[in-house]
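Comments concern the structure below.
The values are calculated or read from the model by the stated rules, or taken from the named source; none is laboratory data. For clarity, every value in this text was computed on a predicted model and none was experimentally measured. Glycine gets a Cβ as well: all are built from the backbone with ideal geometry, and neighbour counts include every protein chain shown.
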Ligand code: CAA
């Protein structure tokens, strides 16, 4: 039996936007964190971003501990072998199923059999990724929302073989990171993206069909339904490539034509307009 108190060190694989946010909230919660990425410059950039975010939160009085103390709990690693002493692993690499499977199959040989593996996937099947390990009962989805330090939710996804014990400890861990959890069974898109992405996709249809300008679609939804940002702005913020990939997962996995990705969304992705991260999406940044 693993207890929350036995978890001292959390390894986060992937130092992109999501991975660095997860490393930050784990360190804020008092855990030792190993942030692992094979790109050294990516790690350096991630730590700089965490420092900036912590400073902002500290200046606003949202955290009490001094940023250098929190940062001191985050170690960088470039090889998976360097995380061998972690008690809990959260993977947050690109949404590429083969890459995730490859990483988990390697980790399965490196980490003790009782270490829980969590994937931050936003839509790929937990049950299928888990089969690349010998620990399907200790495998779970832990889907953080972007920006991780600000958003209160973690969506927990139970794979077909995930044990009750694994679910409970993951929930406790997320709560220790000051997050509220919801639990989803393992079906395409889980809860959040099953509902969010069709709305974003519909906003692209509304734009493609010339019903309204991007600005009016966003202002309408923002002011008319009290959302913090309109659906097209949110899509740029999430990444149009990610939105398109999730729509494909919904369409393939559920087989219903109502999930077909909007051709305009695909056209933007084909053009390399991935949103805020590339400087151009629906809007220019
Ligand atoms: N670290 C620290 N502080 C941060 C931060 C970070 N990484 N990012 C934002 N902030 C702070 C800002 O400093 C600001 O603080 P104050 O209000 O105290 O000044 C606050 O957050 C709000 O930021 P901004 O004023 O810059 O901008 P905003 O009011 O538009 O808020 C936002 C930004 C919080 C992102 C807000 O627009 C929002 O909630 N947007 C929707 C986000 C969302 O829906 N995320 C989920 C996406 S779906 C997903 O992630 C799942 C998936 O699989 C695709």
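Among the candidates 57, 40, 35, which residue alone is within 21 Å of the chain's Cα centre (by Cα) and more than 29 Å from residue 123 (Cα to Cα)? Criteria check complete, one pass: 57. Tell me which residues, restricted to the range 220-254, are without any contact (Cβ under 8 Å) to a residue 24 or more places away in the chain and within 10 Å of the ligand (Cβ to nearest atom). Listed by number, the residues that qualify are 222, 227, 228, 229. The sole residue among 83, 90, 126, 150 that is surrounded by 15 or more Cβ atoms within 10 Å (Cβ to Cβ), modelled with pLDDT of 95 or more, within 16 Å of the ligand (Cβ to nearest atom) and closer than 17 Å to residue 20 by Cα is 90. Look at residue 33 and say whether it is in the same structural domain as residue 89 (by TED's automatic domain parsing) and in a strand (DSSP E or B). Against the criterion (in the same structural domain as residue 89 (by TED's automatic domain parsing) and in a strand (DSSP E or B)), residue 33 qualifies. Residues that are touching a residue at least 12 places away in the same chain (Cβ under 8 Å) and under 29 Å from residue 96 (Cβ atoms) do not occur anywhere in the range 56-71.
For (1) outside any helix (DSSP H, G or I); (2) modelled with pLDDT under 95; (3) surrounded by 15 or more Cβ atoms within 10 Å (Cβ to Cβ), each residue gets a yes or a no:
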| site | (1), (2), (3) |
| --- | --- |
| 175 | no, no, no |
| 190 | yes, no, yes |
| 195 | no, no, no |
| 201 | no, no, yes |
